[in-house]
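Below: the structure, in structure tokens.
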Amino acid sequence: MTEAAAELTVGQVADEFGVTVRTLHHYDEIGLVRPRRTASGYRLYTDDDLERLRHVVVYRRLGFPLDEIGPLLDDPCADVEAHLRRQRAAVMSRLDEMRDLVAALDRALEARMNGMALTPEEQKELFGEGFSEEYAREAEERWGDTDAWRQSRDRTTRYTKDDWRRIAAEGEQVTERFAALRRAGTPPDAVAAMDAAEEHRAYIDRWFYDLGHPMHRGLGDMYVTDPRFTRTYDDREPGLAAFVRAAIHANADRHER
């Protein structure tokens, strides 16, 4: 007699896949990934549930809306290999466009901002020693012809030094709010953490370029995949980059329901 396969709890699955418990509950409620329930009401995920969730996570990261993912997974003509091939094709088609796009833009916007009427000395005064002209040049070379770059350039060329002081102060407040929540042990899917993530999104959207929740997810991902971003956050508070990323995803989930 073979031993039954181990089943995972919702907390274990959240940790393994880098999603929030709230997200998993939502997937269950809408029938997207519906685990087994025990007599006590606890959710337990089988290997088949985990396989389905893997595809959901990939499709979500590719920008597919939830109401399209279910029919894709339930297509009787599509097997695991078909899903993987579709996902790979989607990734490859966007790879050149999206690789480090948000990271390069945000580094440049926070460090120098293309077209700002400030000297390098003034920029370091406002943004600290983390200011790097190398980041700005890298971003402009890669993304100078994108809509987000043009939009940020058009906005920032009108800003005065007082505007930049306000921008720097607001950015510091947003970062410190994240850091304080992390130090307090607040879960990233708590309302306070999601509200901080929404404040972060609104800050960039207000001052630099239009930033919807899907693109904000990508920005959060860059915080843990780009070592320069990770170092900036984690030097402030250990584990902060991953915390910010998780809070951003939880907030996006909240607004996409």
>> In Å and on Cα atoms, what radius of gyration and Dmax does segment 167-257 show?
In response: 11.9, 34
> Taking segment 1-52 on its own, what percent of its Cα-Cα pair distances exceed 18 Å?
Replying inline: 25
> Round to a whole number: what % of the accessible area of segment 182-257 belongs to carbon and sulfur, probe 1.4 Å?
Replying inline: 55
>> With the crude spin-label approximation of a point 7 Å out along Cα→Cβ, what separation in nm comes out for Arg34 versus Arg61?
In response: 2.7
> Which value, in Å², gives the accessible area per residue of segment 192-252 when a 1.4 Å probe is used on the protein heavy atoms?
Replying inline: 34
> Per the Debye formula with a single identical scatterer at each Cα and no solvent contribution, what log10 I(q)/I(0) holds for segment 203-250 at q = 0.14, 0.26, 0.33 Å⁻¹?
Replying inline: -0.34, -0.94, -1.10
> On the accessible surface of segment 1-57, probed at 1.4 Å, how many percent belong to carbon and sulfur atoms?
Replying inline: 50
>> With a 1.4 Å probe and all protein chains left in place, how much accessible area per residue does segment 1-64 have, in Å²?
In response: 58
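The values are calculated or read from the model by the stated rules, or taken from the named source; none is laboratory data. Worth saying up front: this structure is predicted, and the values here are computed from it rather than measured. So basically every Cβ, Gly included, is an ideal-geometry build from the backbone, and we count neighbours across all protein chains shown. Please note that ligands, DNA and RNA were not included when accessible areas were found on the heavy atoms of the full protein model with its side chains. Shrake-Rupley method; radii C 1.70, N 1.55, O 1.52, S 1.80 Å.
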